[in-house]
């Protein structure tokens with residue numbers, strides 16, 4: 001199996017292309033400190049992962065800004081803090097402030113020359129539009145939880161995407177799902193039979209960060225630490241032709 005065997009790359013955005021952990025911490029750390037709590041970054045991210053995934057599971061039809069706001073409320077409850085509605089709403093609107101990884105825009109500009117680029121994201125339409133703009137709007141198609149009515153890791157989200165791409169003439173065996181999250185992306189992508197490239201942005205770090213831990217790690221076909229490494233590997237393949 002080679003990277004050049006595929007016609008389309010289907011991306012998770014947050015954690016893969018956008019540094020959502022930095023974005024989450026930029027928003028939550030000042031609030032945590034203001035309330036006198038002394039948590040490490042990992043403790044904040046792991047609490048976020050647990051609460052956010054539960055809120056998504058319980059409220060699949062909610063728009064993501066409301067998921068984030070409710071996550072903030074539930075974190076306050078979990079940590080014994082008084083709910084702060086203004087802070088919850090501000091957190092809900094924070095996605096456009098989350099930064100892109102420094103390699104994302106350049107790598108995507110290169111990959112767009114060779115693949116159809118697709119996003120499958122849990123974030124709402126407005127949020128993904130702001131994030132895509134930070135990376136030069138390289139995507140041919142974007143599918144969001146707002147469009148689908150459920151959140152990854154629901155298999156429904158992947159089936160929706162595959163149906164849309166099949167209608168565009170892109171068969172499943174020509175798609176490489178390219179993502180960081182084993183929980184949100186690689187486990188369900190494996191379940192539906194997609195080839196998988198792991199952008200392991202947390203390589204060398206302890207813990208799971210902002211994604212839930214899985215009891216069994218899904219397998220992947222490719223692994224890179226950054227999207228820049230992925231693009232470089234593709235370029236090397238092209239040079240050998």
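Taken over region 133-159, the criterion of being in contact (Cβ under 8 Å) with a residue 40 or more places away in the chain, part of a helix (DSSP H, G or I) and surrounded by fewer than 21 Cβ atoms within 10 Å (Cβ to Cβ) is satisfied by 134, 146.
Screening residue 33 against (1) modelled with pLDDT under 95; (2) not in a helix (DSSP H, G or I) leaves a single unmet condition, (2).
Any residue in region 73-87 that is out of contact with any strand residue (DSSP E or B) (no Cβ under 7 Å at 6 or more places or on another chain), closer than 17 Å to residue 23 by Cβ and not assigned by TED's automatic domain parsing to the domain that holds residue 15? Among the residues of region 73-87, at least one is out of contact with any strand residue (DSSP E or B) (no Cβ under 7 Å at 6 or more places or on another chain), closer than 17 Å to residue 23 by Cβ and not assigned by TED's automatic domain parsing to the domain that holds residue 15, which makes the answer yes. Criterion applied to 204, 169 was being surrounded by fewer than 20 Cβ atoms within 10 Å (Cβ to Cβ), in the same structural domain as residue 110 (by TED's automatic domain parsing), at pLDDT below 95 and out of contact with any helix residue (DSSP H, G or I) (no Cβ under 9 Å at 6 or more places or on another chain), and the one residue passing it is 204. All of 88, 83 fail the test of being more than 30 Å from residue 166 (Cα to Cα) and either crowded, with 20+ Cβ neighbours inside 10 Å or out of contact with any helix residue (DSSP H, G or I) (no Cβ under 6 Å at 6 or more places or on another chain) (or both), apart from 88. Scanning region 38-59 for residues that are surrounded by 15 or more Cβ atoms within 10 Å (Cβ to Cβ) and not in a helix (DSSP H, G or I) gives a single hit, 39. Applying the set (1) surrounded by 22 or more Cβ atoms within 10 Å (Cβ to Cβ); (2) assigned by TED's automatic domain parsing to the domain that holds residue 235; (3) without any contact (Cβ under 8 Å) to a residue 60 or more places away in the chain to residue 104 leaves exactly one unmet item: (3). Candidates 214, 182, 162, 227: the one that is at pLDDT 95 or above and within 26 Å of residue 56 (Cα to Cα) is 162.
Residue under question is residue 30, and the condition is that it be more than 26 Å from residue 137 (Cα to Cα) and in contact (Cβ under 8 Å) with a residue 60 or more places away in the chain; does it hold? So residue 30 does not fit the description; no.
The values are calculated or read from the model by the stated rules, or taken from the named source; none is laboratory data. None of the values given here were measured: they were computed from a predicted structure. With ideal geometry, Cβ positions are generated from the backbone for all residues, glycine too; neighbour counts draw on all protein chains shown.
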